[in-house]
Amino acid sequence: MAFRDDEKPLATPNAVAGSKDGLVKMTIPTYSKKDVALTADSVTAVVEIKATSSTAVREGLDLVAVLDVSGSMGGEKIESVKRALKFVIMKLTPADRLSIVTFHSSADRLNPLQSMTQATQDVLKAKVGTLVADGGTDIKAGLDLGLAILAGRVHTESRTANIFLMSDGQTSGDPTVVNPGDVSVYTFGFGRGTDHKLLTALAKKSVGGTYSSVPDGTNLSAPFATLLGGLLTVVAQDVRLTLTPKTADGDLDTMVVAPGTDYTQTTNANGTITIKFGTLFAGEARKVAVNFTLKDSDDDEKYNATLAVARHSYAAQETPQPPQNIQRVRTPTPSSPADAGAEELAVQAEEVRRRHAGKISEASEMAEEAGKTKDDGKLALAREKLVDAQNALEDILVDDGDKMVDALRAELMKLLEYMDSHQVYDELGRPYALATVTSHGRQRAAGRGDEEEVPSLYVTPRMVKYLEQAKKFEENTEEPVPSAEEDAKKDLEDNPLGAIAAPLAFYLDSAIQALQAIQKIVAATSST
């Protein structure tokens, strides 16, 4: 199935005209130890890459909304879908394109990928208003059709391909056999009876996709708005981190990416690890913890040991990004763990965050087993696993107001509430746990129905703004919604230098590094 009828974008985001240098930066690595021993030792390094917080430069959005309109979607559910999709339509600009696919026992395309001019918005809002719920549920048919629309695009330059897939039930087909390729698939489980595990698996099979839970009684507009706040601020595509081990220097024994980084990872014959993150939204960051084991050293005095070289890249960058050496001082008198400073404590906190997600996953699996036989004792053990995670949070030596600790603590409190009984877990606990674990693995915000109660580590300022707009829109759907173009203009008014700040900082950093290199050469020449 090849459509090749996508409308040529009637406008272009200013990313096409502006420089893309410096939109994504890599910070200096942080370490779990101030130094390491000359004898066999280990250390963890955290490499972080950050996207510019400016929304002045972005890629064009190609979005296919794949909507379940089966019989179980009747009543308030289908009305919630209509409101949420109307909000999405009103946010898009002529630089963005939207296609709508509905599925029940089969799938239908309401429209090809079209630029969201005012006229097209009016037509699509009218079509959405006529949606009715009827028939069975075949998620595979809807996903296949959505992917075919994106695969058949003619106009793809500086555009991101994404799918919103929403369903409220079990499916007759097997969508897990579908290969999403480079398309990011964001899934939404709508209330009781949904196959939440299936929708989670579909999201995780794609690059950067997340699963969002939409509990009964909540609105679809909130999770749609959260992700739209990211997708309309994509500053970089095909973002990668490459870790090259320095085994020839004799210090490094092994280099392993720590568990909890849920992205595509490959290792070549030389041991170089490449991690693919997909897209980055404005204001997003990705942290990767890397565990190093070191061999016994032949030296008896302290020296700098380079363990690996980290380099990041992204599509259409004009200037190669400078690499960062991962290195530690090896010394016969290593520092005591009691001497840990802010940097070492921050690395420990990141480890706790990853373990936190692992504990939630383990507790969820225990609750699943308990539910099969309605074993209250096993469910109590699952709750104990969450209490263990709570105790681990208290060991993080940061202020009580720290955003990360507050967010993790709130997640655990909510999950303990949702594991109060087998019934509550089946209805609320399972989808909440799946969305939480996926969000931590992807380090990207996901809806869980608690946006106003539990702070998320991964929301960006634009996401917060869109959540506020979605709430107002739900209260009065006749009120106009500012478009993404108007949002960008407002951001530029608030930060006039935003459009040039990232590339300017990049060029200044490059100039400083060049001067430092020249100084080293001059110093070496003078000493001889």
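Would you call Thr226 in contact (Cβ under 8 Å) with a residue 12 or more places away in the chain, part of a loop (DSSP other than H, G, I, E, B), surrounded by 14 or more Cβ atoms within 10 Å (Cβ to Cβ) and on the phi < 0 side of the Ramachandran plot? Answer is no for this residue. Evaluate segment 268-279: report whether one residue or more is open to solvent by 70 Å² or more (accessible area, probe 1.4 Å), more than 13 Å from the chain's Cα centre (by Cα) and not small (Gly, Ala, Ser). Yes, segment 268-279 contains a residue that is open to solvent by 70 Å² or more (accessible area, probe 1.4 Å), more than 13 Å from the chain's Cα centre (by Cα) and not small (Gly, Ala, Ser).
Restricting attention to segment 81-138, the residues that are open to solvent by 10 Å² or more (accessible area, probe 1.4 Å), among the basic types (Lys, Arg) and within 16 Å of Leu220 (Cα to Cα) total 3. Looking only at segment 64-80, residues that are part of a strand (DSSP E or B) and either closer than 20 Å to Thr460 by Cα or open to solvent by 10 Å² or more (accessible area, probe 1.4 Å) (or both) come to 0 in all. Selection of segment 280-296 for residues being open to solvent by 10 Å² or more (accessible area, probe 1.4 Å) and either part of a loop (DSSP other than H, G, I, E, B) or at pLDDT below 95 (or both) yields Gly283, Lys295, Asp296. The condition (being at negative phi, modelled with pLDDT under 90 and open to solvent by less than 60 Å² (accessible area, probe 1.4 Å)) is satisfied by just one residue among Ala470, Ala505, Ala445: Ala505. In segment 126-141, the residue that is nearest to Arg83 (Cα to Cα) out of those that are of a type outside the set (S, T, N, Q) and touching a residue at least 60 places away in the same chain (Cβ under 8 Å) is Leu131.
Within segment 237-262, the set of residues being among the small types (Gly, Ala, Ser) and at pLDDT below 95 comprises Ala248, Gly250, Gly260. Checked against (1) within 12 Å of the chain's Cα centre (by Cα); (2) not in a strand (DSSP E or B), Asp299 passes all but a single condition, namely (1).
Taking segment 179-207 as the range and being modelled with pLDDT under 95, open to solvent by less than 10 Å² (accessible area, probe 1.4 Å) and assigned to a loop (DSSP other than H, G, I, E, B) as the test, only Gly191 passes.
The values are calculated or read from the model by the stated rules, or taken from the named source; none is laboratory data. This is a predicted model, so every value here is computed, not measured. A quick note on method: Cβ atoms are made from the backbone with ideal geometry, for glycine too, and the neighbour counts reach across all protein chains shown. SASA here: full protein model, heavy atoms, side chains in, ligands and nucleic acids out. Shrake-Rupley method; radii C 1.70, N 1.55, O 1.52, S 1.80 Å.
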